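The structure appears right after this line, and notes come after that.
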Amino acid sequence: MKIGILGGTGPQGRGLAIRLAASGHEVLIGSRSAERAEAIATEIARDSSGRILGVGNSDAAAAALVIVSVPYHGHADLLSSLTTELAGKIVVDCVNPLGFDQRGPFPLRVAAGSAAQEAQQLLPDSTVIAAFHHVSAVLLSDPTVDHFADDVLVLGEDRDAVAVVCELATAIPGARGVYAGRLRNAGQVEAFTANLIAINRRYRAHAGLAITGVS
């Protein structure tokens, strides 16, 4: 599959690109600057056996499936500019609306309920799925890490699209996709990232999330 990653030059986008390309997908890293995307793609391709190309965000949006991995403050503007390119596609939103102050990370309130629900409102002709919120960007980008004990929570309204993204999660070695409800439940999934960041800062770790009792 050809997969585009909007905001693919950021830490999460880079890590996902490395793992998806290594599993056989062709990955288009998107950025506002195609030149920056090309430079990052060349850099991270050294850590991947797959094909990674750097392009502008509009070209990345032309892929068969698109992952949104941008800072929340640019989320709405970017998606609003790509409604035509993203129509009819599965759009995987892994954006976490978070703030940081002297007391640490905290979830931001989103009028739509979550970044994923905001994306679905902005992209009525796309199928938005929420996923990949909790996998450590540091571990994703580390070529020495060859196994993850993480589960990827996948939320959405369309069962077929959820199944596609659950399968996509297996590109992360050892990980699995777990259905975690409809899109209206994405808010607490995104917000939980603040808890994970607090855990990782306190224990100097790269903790993830694993669901027990599900085979």
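The values are calculated or read from the model by the stated rules, or taken from the named source; none is laboratory data. From a predicted model like this one, the values you see are computed outputs, not experimental measurements. Heads up, the Cβs are rebuilt from the backbone with ideal geometry, glycines too, and the neighbour counts pull from every protein chain shown.
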Q) Out of the residues in segment 198-207 that are of a type in the set (A, V, I, L, M, F, W, C) and modelled with pLDDT of 95 or more, which is surrounded by the most Cβ atoms within 10 Å (Cβ to Cβ)? A) ALA198
Q) If only one of LEU155, LEU209 is under 19 Å from PRO97 (Cα atoms) and in contact with a Gly (Cβ under 6 Å, 6 or more places away or on another chain), which one is it? A) LEU155
**Q.** Condition broken by ASN195, with the remaining ones in (1) closer than 22 Å to SER141 by Cα; (2) of a type outside the set (Lys, Arg); (3) modelled with pLDDT under 95 satisfied
**A.** (3)
Q.
Kindly evaluate ALA180 against the criterion of being in contact with a Leu (Cβ under 9 Å, 6 or more places away or on another chain), touching a residue at least 12 places away in the same chain (Cβ under 8 Å) and farther than 18 Å from LEU16 by Cβ.
A. yes
(Q) Among (1) more than 20 Å from LEU168 (Cα to Cα); (2) touching a Ser or Thr at 6+ places or on another chain (Cβ under 8 Å); (3) at pLDDT below 95, there is one condition ASP47 misses while meeting the rest; what is its number? (A) (1)
Q: Hey, can you tell me all the residues within segment 132-159 that are in a strand (DSSP E or B) and touching a residue at least 60 places away in the same chain (Cβ under 8 Å)?
A: ASP151
Q.
Just the residues that are within 17 Å of VAL70 (Cα to Cα) and among the charged types (D, E, K, R), please, taken from segment 17-37.
A. ARG32, ARG36
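Per-residue answers, yes or no, for (1) under 16 Å from the mean Cα position of the chain (by Cα); (2) among the basic types (Lys, Arg); (3) under 14 Å from VAL189 (Cβ atoms):
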residue: ILE67; (1), (2), (3): yes, no, no
residue: ARG103; (1), (2), (3): no, yes, no
residue: ALA149; (1), (2), (3): no, no, no
residue: ASP158; (1), (2), (3): no, no, no
Q. Which of the residues spanning segment 94-114 are touching a helix residue (DSSP H, G or I) at 6+ places or on another chain (Cβ under 6 Å) and either free of Cβ contacts under 8 Å to residues at least 60 places away in the same chain or assigned to a helix (DSSP H, G or I) (or both)?
A. ALA112
**Q.** Candidate set from segment 160-195 (those that are in contact with a Phe, Trp or Tyr (Cβ under 8 Å, 6 or more places away or on another chain) and not in a helix (DSSP H, G or I)); member that is surrounded by the most Cβ atoms within 10 Å (Cβ to Cβ)
**A.** ILE172
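Let's see how each residue does on (1) in contact with a strand residue (DSSP E or B) (Cβ under 6 Å, 6 or more places away or on another chain); (2) of a type in the set (Phe, Trp, Tyr); (3) farther than 24 Å from ALA161 by Cα; (4) surrounded by fewer than 21 Cβ atoms within 10 Å (Cβ to Cβ):
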{"position": "LEU20", "(1), (2), (3), (4)": "yes, no, no, no"}
{"position": "ARG32", "(1), (2), (3), (4)": "no, no, yes, yes"}
{"position": "ARG46", "(1), (2), (3), (4)": "no, no, yes, yes"}
{"position": "ASN57", "(1), (2), (3), (4)": "yes, no, no, no"}
{"position": "ALA76", "(1), (2), (3), (4)": "no, no, no, yes"}
{"position": "THR83", "(1), (2), (3), (4)": "no, no, no, yes"}
**Q.** Residue that is of a type in the set (A, V, I, L, M, F, W, C) and in a loop (DSSP other than H, G, I, E, B), where the choices are ALA62, ALA21, ALA45
**A.** ALA62
Q. Is it true that some residue in segment 111-132 is surrounded by fewer than 20 Cβ atoms within 10 Å (Cβ to Cβ), touching a Phe, Trp or Tyr at 6+ places or on another chain (Cβ under 8 Å) and not charged (D, E, K, R)?
A. no
